[in-house]
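Let me begin by presenting the structure, written as structure tokens, before commenting on it.
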Amino acid sequence: MALLLRLVPGRSRSIARSLRPHRFLASLAHGDDAAAEGMAAQILDYAAAARKKGGAGYLDAMQVLEHGVSFVKNSGPSAANALCKIQFAIANFHADQGKVSDATEVLHGVSSNESAGLEVRVSALEALVGLYLQIHEDELASAQLQTISELATPESDIGPRSQALAGLVKLSGGQFDAAAASCFEAFPPDTKQGAAILARAEVAHVRGADKEAKNFYESAAALAKNETDRSKGATMTSTEVHSAALAGLGQLSADLGRFDEAEKILTEALQVAESISGETHARVGLVLSCMADLYSRRAKAENSGFMIAEGLYRRSLNLLKAPQLEKEAKDKLQYLDAIAITRARYADILSSVEQRASEAERLKSWATAAWRNQRSLSDVLKAAARDNGSKLHSVIDVRLGRVF
């Protein structure tokens, strides 16, 4: 028990009741693989519960995770997979707090751990692709994809998963035909990876293949909902994929004018997003941005007021920690795409109110200056209307804050 009390000074009793890892400590010292896995599982349970609460719970959880790393390391190379699972959780906490450089450092460590299994190392690289896309470091994302391809074996599904992620990277660079080729050519139909299928859904969505997009979104959401493997991190965890798939499906329903259906699906996406790390995290703001757009469209279609939409836009921008309008956006700002499109859409509804025209212009000017997407902002704003002659549509990936 003395070792356990050192896990988190000052809160040892409550944590001891939650974790009860003392039964594993002696066997860990002798390199017992099963004990290492058991210790990791209990630490991860505690961390997951703390993550849902957000706020002060992060400090306790990080201390437990860091001590867990120390204990599991004592088991030697044989416990590498258990160690990596704890490191995935640490990366998740860093990403939650906007510490992307810290998260990527941890994930690089996992990906280079040659004692870990191939699946674990590839999962770390996939998470790195997502995080680099999140901060518009697309070249670094491509570099991770190259490493994944080098690790792929003919009998694994790593190659197709890499192709799907490559589709997202190409989509972010405005290479729409190349994105489709990556996601759909020689792609095995029986792939059971939610993140890979989500990438296919988003490519189909942007290209206007609505029926395919709907099927892929539904499949990705179902797979992610039932996935329990913890050998994934950051943007590739099952809950992140589940929320993003639902949000994409909700946006597709809104595109098609099915507003009641879209509201129901986006409400579910919001609940999943809130379950990950509380109601005040930026990912909740991303889903709220999608809901605000839905209510804006409904208000226009029904010639009603924008009060609900405006409230959602304001809440979304607050959670996304959007810079003040007087400040320029930093290039590597997390969720920059989403902040810009949210402000642009907010400006659109305000522009219809004469007394708020100047406010709308300020929002639009900031969004235009901050926009880093390969597609023009005006094109993305028009893409919502299916009768505008545009061949391409748009979707917010709520894992990444990128607009495709």
Quick one: count up the residues across segment 234-251 that are out of contact with any Gly (no Cβ under 9 Å at 6 or more places or on another chain) and more than 21 Å from GLU263 (Cα to Cα). 1
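For segment 216-258, what are the residues that are among the polar types (S, T, N, Q) and more than 30 Å from ALA299 (Cβ to Cβ)?
Residues satisfying the conditions are SER219, ASN226, THR228, SER231, THR235, THR237, SER238, THR239.
With buried (at least 24 other Cβ atoms within 10 Å of the Cβ), within 23 Å of TYR58 (Cβ to Cβ), of a type in the set (Gly, Ala, Ser) and at pLDDT 95 or above as the only criterion, which of SER316, SER277, SER289 stands out?
Of the residues listed, the single one that is buried (at least 24 other Cβ atoms within 10 Å of the Cβ), within 23 Å of TYR58 (Cβ to Cβ), of a type in the set (Gly, Ala, Ser) and at pLDDT 95 or above is SER316.
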Here are some residues: SER358, SER352, SER365, SER376. Which one is of a type outside the set (Val, Ile, Thr) and within 20 Å of LYS170 (Cα to Cα)? SER376
Per the list (1) closer than 30 Å to ASP177 by Cα; (2) in contact (Cβ under 8 Å) with a residue 40 or more places away in the chain; (3) open to solvent by 10 Å² or more (accessible area, probe 1.4 Å), residue check on LEU336 breaks on (3)
Here the residues within segment 341-371 that are more than 18 Å from VAL398 (Cβ to Cβ) and basic (Lys, Arg) are ARG356, ARG362, LYS364
TYR295: passes all of (1) more than 26 Å from SER172 (Cβ to Cβ); (2) of a type in the set (Ser, Thr, Tyr); (3) not in a helix (DSSP H, G or I) but (3)
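The values are calculated or read from the model by the stated rules, or taken from the named source; none is laboratory data. Keep in mind that this is a model prediction, so the values were computed, not measured. Neighbour counts are summed over all protein chains in view; Cβ atoms, including those assigned to glycine, are modelled from backbone coordinates with ideal geometry. Quick note on the areas: whole protein, heavy atoms, side chains included, nothing else; ligands and nucleic acids left out. Shrake-Rupley method; radii C 1.70, N 1.55, O 1.52, S 1.80 Å.
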